[in-house]
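Working notes, structure below.
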Amino acid sequence: MNKRFVSLWFRHLTTDRQILRKPELKDVPFVFSAATRGRNLIVAANALAEQQGVSVGMAVADARAIVPDLEVLDDIPGQDAKLLNGLGEWCIRYTPLIAINMPDGLMLDVTGCTHLWGGERGYLKEIVTRLRGKGYDVRGAMADTIGTAWAVARYGRLKPIIVSNEQAAALTDLPPVALRLDPLTLERLQKLGFYTIKSFMGIGRSALRRRFGDAFLLRMDQALGMVDEPMQLLHPIEPYTERLPSMEPICTATGIEIAIRTLLEKLCKRLQGEGKGLRTATLKCYRVDGLVVEVGIGTNTASHHVAHLFKLFELKIASIEPALGIELFVMEAPKVEDAEVDQEALWSPEGGGLDDSNLAGLLDRMANKIVAANICRYLPQEHYWPERSIKASTDLKDKLTTTWDMGKLRPTLLLDQPQEIQVASVLPDYPPMFFIYRNERHNIRRADGPERIEREWWLDGSGPHRDYYVVEDEEGRRYWVFRSGHYNEEWSAWYLHGVFA
Amino acid sequence: MPDSKKDIIARLQQNILRWEGFVPPPASEAKGIGLGPLEAAFPNGVFPTGAMHEMLCPTLEGTAATGGLLGGILSSLMQKGGTCLWIGSGRKLFPHGMTAFNIEPHRIVFVDLPREKDILWATEEALKCEGLAAVVAEVKDISFALSRRLQLAVEHSKITGFLLRSDMRKLSTTTCVARWQVTSVPSQLPQGMPGVGHPRWQAELLRVRNGTPGSWEIEWVDGKFVTVEEQMAKVVYMETRIAG
């Protein structure tokens, strides 16, 4: 799936803000000025002033000559950064991944967010109209790459939403400045007569590199989507990692224990604050001799209990070989999930069933100590054949999707594979008289059945059905036997499949 | 009035039971688990929960019968919403079959471990974990020392543990409170009725600590145990008891 980005461009960021603060300035041409190298230069002008010919970078004296009643305000340094930060925070409602484009824009990574506002058009319209409603003169554009979105927001004339993989077509008619190039390169392009991007897009890369350098090609590739561009996020996603350097190399089990406990306490404090728990954690021990020893644990349910996690690591301490000593411990939690905040049970001497945290802790310990352990529960499944009617579930929180079929008689033990038996049966569809299993003859005294269980043709094609009988022999042993196929058919055979209590 | 000799002995016996961990249950919980006359074989006449029971299941059919009786016992132990842990290696228990004994099979957590050593470790850990209703472990054999470890864990956590032993060659003494052997017996139906009747077992208590061993015929009818011949336990003669 392609990524999608929205670029927002605030054309008059600081002046719009000033109008919001002082509404009486709305119909007055005004500028912000700052002293640079002994001259007062304009750093921002409002729309009215710009209409009358005032532009950014002009000296204040010149501007006054053009517009006599120009209002000149002192620029507040750092104002634009603060404003963009605030606007970025406000945009968190649209996407969690937001970056600030100094000096006058925002970049939003909207991949997978647009459908919540009824598609890309509705999404972009919503953002732009909300910001315009606040009083900011804003333009937005959406594209597959940061570069194209930036360019179209600022220089595009036709449509703000660029369809996936059509960056090149969208960029052709734009001026080179839309590629975010440095002024020197722009000047050179201007001199050479490259007024639009299409005029140099077709030129060979080596020729372009020779004249304009690598940075130029990088910008072009980024805009076209051939190179990924990193975003400096407003709210960076911090990985769940803790480090613990040690003053002296550690080579005792006690030292490692202390290190694990300290790291877990730090990590769990953060997890607890965020209402999360870890499912897997790894401890990396950087040894003096340059080797890294790694041990990992996993849990059945998301957990942020130091004591529990420590117990899991405790089982692994023996496998950590410190050699000459460990100088750095790093604890990582690559898999983190929302943890349910568990309330202390007031009084439950019989235990809290499957939600019990003791049980989850116990199973974690078993699974971590014995690698080959197979821990599961069985849930009913809607299938006919007995071996398929149950489904193993490793999650303690899995809910039943269907109910247990209480009406059918099922054996207490079920053999992994039905075992072939020799039988003597007199009449079709009658239970056998006796059967021989492992050289022992069982004379049948009582029997129930048959219960016909059909093969599920949608799972394993055609084949014989099974007719199950409950039989009891002379000694009172009760078995579950079946005949595969019809009576006296060529391929029909008898099997023992289970034992009743 | 001075106590008669009989009273003194009774009181001393009670004291010994208490020291051994058999605390008489409060009156509100003195209902037992529905095993009827069989429960009278145990000290104080109550099925001991919070203790280890061992059950001998040498054959496949014996395992099935034991599974049935155990299912009935577990259903009353799990009534209050607890979970049961079933630890074993080559487990054949069919979870769906437990529905016949009023157990919701999804409330049993199965732990399959490849090695005997791991099973015993896991069993001990499980028995230490408060909050479980019962722990069932399928083992081949168990030594006295190991059974004592399990007993210590159980005394602390008050969980009921069941050991299903399959190797009958060397039946060593254990600290378990009772040794059971369950075998299937022919079911009975009213005269002339076809089909297989309710599950019926011969439940033998081969040894009971501070109790009276015996043998009972029990049937599982409509979700509860029914003792077939409502009679007191006949004392099993020493010859029929397996030495150990």
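The values are calculated or read from the model by the stated rules, or taken from the named source; none is laboratory data. Predicted, not measured: the structure shown is a model, and the values here were computed from it. Note that each Cβ is placed from the backbone with ideal geometry, even for glycine, and that neighbours are counted across all protein chains shown. Heads up: the accessible areas ignore ligands, DNA and RNA and are worked out on the full protein's heavy atoms, side chains in. Shrake-Rupley method; radii C 1.70, N 1.55, O 1.52, S 1.80 Å.
Observations on the structure shown:
- Yes/no for A:MET142 being closer than 30 Å to A:TYR195 by Cα, in contact with an Asp or Glu (Cβ under 8 Å, 6 or more places away or on another chain) and open to solvent by 20 Å² or more (accessible area, probe 1.4 Å): no
- Summed over segment B:36-49, residues that are out of contact with any strand residue (DSSP E or B) (no Cβ under 6 Å at 6 or more places or on another chain) and surrounded by fewer than 21 Cβ atoms within 10 Å (Cβ to Cβ) total 6.
- Elements of the type strands (runs of 3 or more DSSP E) sitting completely within segment A:415-457 and holding at least 2 residues that are at pLDDT 90 or above, surrounded by 13 or more Cβ atoms within 10 Å (Cβ to Cβ) and within 12 Å of chain B (Cβ to nearest Cβ): these cover A:440-453.
- Conditions (1) of a type in the set (A, V, I, L, M); (2) more than 7 Å from chain B (Cβ to nearest Cβ); (3) under 30 Å from A:VAL471 (Cα atoms): number failed by A:ALA360: (3)
- Scan of segment A:431-455 for residues that are farther than 20 Å from A:PRO411 by Cβ and charged (D, E, K, R), ordered by number: A:ARG441
- Within segment B:55-167, strands (runs of 3 or more DSSP E) holding 3 or more residues that are under 22 Å from B:GLN181 (Cβ atoms): B:83-88, B:132-139, B:160-165
- Selection of segment A:365-407 for residues being within 23 Å of A:ASP448 (Cα to Cα), open to solvent by 20 Å² or more (accessible area, probe 1.4 Å), within 8 Å of another protein chain (Cβ to nearest Cβ) and of a type outside the set (A, V, I, L, M, F, W, C) yields only A:ASP405.
- Taken over segment A:101-120, the criterion of being surrounded by 14 or more Cβ atoms within 10 Å (Cβ to Cβ) and within 23 Å of A:ASN2 (Cβ to Cβ) is satisfied by A:ASN101, A:GLY105, A:LEU106, A:MET107, A:LEU108, A:ASP109, A:VAL110, A:THR111, A:CYS113, A:THR114, A:TRP117, A:GLU120.
- Filter pass, B:LEU132 being touching a residue at least 12 places away in the same chain (Cβ under 8 Å) and farther than 23 Å from B:GLY34 by Cα: no
- Residue among A:ALA307, A:ALA302, A:ALA281 that is without any contact (Cβ under 8 Å) to a residue 60 or more places away in the chain, open to solvent by 40 Å² or more (accessible area, probe 1.4 Å) and under 16 Å from A:GLY361 (Cβ atoms): A:ALA307
- Residues satisfying the stated conditions in segment A:479-501, i.e. open to solvent by 10 Å² or more (accessible area, probe 1.4 Å) and either within 12 Å of chain B (Cβ to nearest Cβ) or touching a strand residue (DSSP E or B) at 6+ places or on another chain (Cβ under 8 Å) (or both): A:SER484, A:TRP491, A:SER492, A:ALA493, A:TRP494, A:TYR495, A:PHE500
- Yes/no for A:LEU13 being in contact with a Phe, Trp or Tyr (Cβ under 8 Å, 6 or more places away or on another chain) and within 19 Å of A:GLY105 (Cα to Cα): yes
- For segment B:202-222, a residue qualifies if it is assigned to a strand (DSSP E or B) and either open to solvent by 40 Å² or more (accessible area, probe 1.4 Å) or out of contact with any His (no Cβ under 8 Å at 6 or more places or on another chain) (or both), and the qualifying residues are B:GLN202, B:ALA203, B:GLU204, B:LEU205, B:LEU206, B:ARG207, B:VAL208, B:GLY214, B:SER215, B:TRP216, B:GLU217, B:ILE218.
- Every test in (1) open to solvent by 60 Å² or more (accessible area, probe 1.4 Å); (2) more than 30 Å from A:LEU186 (Cβ to Cβ); (3) more than 24 Å from the chain's Cα centre (by Cα) is passed by A:LYS266 save one, and that test is (3).
- Of all the criteria given as (1) within 30 Å of A:MET142 (Cα to Cα); (2) at pLDDT 85 or above; (3) open to solvent by less than 50 Å² (accessible area, probe 1.4 Å), the one not satisfied by A:SER33 is (1).
- Selection over segment B:108-128 of residues that are at the interface with chain A (Cβ under 7 Å from one of its Cβ atoms) and open to solvent by 10 Å² or more (accessible area, probe 1.4 Å) gives a count of 4.
- Boolean, B:ASP3 is open to solvent by 70 Å² or more (accessible area, probe 1.4 Å) and modelled with pLDDT of 85 or more: no
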